[in-house]
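Beneath this line is the structure, given in structure tokens, with notes to follow.
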Amino acid sequence: MTVGEVIAELRRQPELLLRNWHWKAACFSAGIRAGIYFVTSLKAGWRAGVAAMLVEAAYRIPLSGLLGAFTQSLRFAQPAWTATLTVAVCLPAIAHSIELLVHWLPGAPNLRNSFEVSVAFTVLASLFNLHAMRPGV
């Protein structure tokens with residue numbers, strides 16, 4: 001199955017993403033990123049840190065679960081380089097566009113640093129998840 005075929009199948013049956021919602025990706029990603037936003041926002045005070053942390057967790061839990069399910073759907077897609085590129089570039093671009101908007105609208109402090117660390121974490125975590133989901137790993 002190609003990446004295009006996987007996407008077409010998920011468009012026909014979006015319930016597959018909900019059925020395969022990836023709770024480990026959701027919890028791990030939200031926990032790490034909420035911590036990133038908390039620590040990098042502390043310069044503006046503990047309330048700003050807590051607010052940034054809660055904002056991140058509120059949208060990241062559902063989003064990361066869905067993206068984890070999508071990554072899992074791509075684990076057997078061929079050619080493998082296309083699936084890898086999709087997971088390493090396309091999914092982070094979508095997730096971080098949402099992230100930037102969600103934190104920029106309320107005026108999150110130290111957004112640039114938080115965002116840069118979050119992007120680096122995403123690329124590494126996405127590639128690891130895809131590698132771990134492939135056959136024989």
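Note on the range 1-52: with neighbouring protein chains present and a 1.4 Å probe, carbon and sulfur make up 66 percent of its accessible heavy-atom surface.
Based solely on its DSSP helices, what 222 nm [θ] is calculated for the chain when runs of n ≥ 4 H residues each add -39,500 (n - 2.57) and the sum is averaged over all residues, nearest 500 deg cm²/dmol? Let's see the in-between values first.
Working: 7 runs with 105 residues, N = 137.
Counting only the DSSP helices, I get -25000 deg cm²/dmol.
At 0.36 nm per residue, minus the direct Cα-Cα distance, what do residue 85 and residue 28 gain on full extension? Give it in nm, one decimal, please. Display every interim value, and only then the final one.
Working: separation 57, 0.36 × 57 = 20.52 nm, distance 2.21 nm.
Additional length available on full extension: 18.3 nm.
For residue 127 and residue 46, a Förster radius of 41 Å and the Cβ-Cβ distance give a FRET efficiency of 0.75, rounded to the nearest 0.05. Annotation: residue 23 carries an accessible surface of approximately 150 Å², with a 1.4 Å probe and no ligand, DNA or RNA atoms counted. In the elastic network of the chain, a GNM with C-alpha springs shorter than 10 Å, the most mobile of 101, 17, 91 is 101.
Which order do you get for 53, 133, 1 if you rank them by accessible area with a 1.4 Å probe, largest at the top? Mind dumping the intermediate values first?
Numbers: 53 60, 133 35, 1 125 Å².
Of 53, 133, 1, the descending order of accessible area is 1, 53, 133.
If packing is taken as the average count of other Cβ atoms within 10 Å, what order do 54-63, 107-116 fall into, highest mean first? Mind dumping the intermediate values first?
On the way: 54-63: 17.9, 107-116: 16.2.
Highest mean packing first, the order is 54-63, 107-116.
Considering only protein heavy atoms and a probe of 1.4 Å, how much of the accessible area of the range 80-137 is carbon and sulfur, as a whole percent? It is 75 percent, rounded to a whole number. Computed from label points 7 Å out along Cα-Cβ, the spacing between residue 54 and residue 19 is 3.7 nm. Build a GNM of the chain with springs between Cα atoms under 10 Å apart, and of 82, 122, 40 the one that fluctuates most is 82. The candidates 81, 21, arranged from most to least accessible area with a 1.4 Å probe in the full protein assembly, appear as 81, 21. Screening the chain for DSSP H helices whose Cα atoms reach 18 Å or more along their own axis and whose mean Kyte hydropathy is at least -0.5 gives 23-41, 46-73, 91-104, 111-133. Looking at the range 62-111, the accessible area is 47 square angstrom per residue; that uses a 1.4 Å probe and ignores ligands, DNA and RNA.
The values are calculated or read from the model by the stated rules, or taken from the named source; none is laboratory data. Note that the structure is a prediction, hence the values are computed from the model and not measured. Quick reminder, even Gly has a Cβ in these numbers, built from the backbone with ideal geometry, and neighbours come from all protein chains shown. We work out accessible area using only protein heavy atoms, side chains counted, and drop any ligands, DNA or RNA first. Shrake-Rupley method; radii C 1.70, N 1.55, O 1.52, S 1.80 Å.
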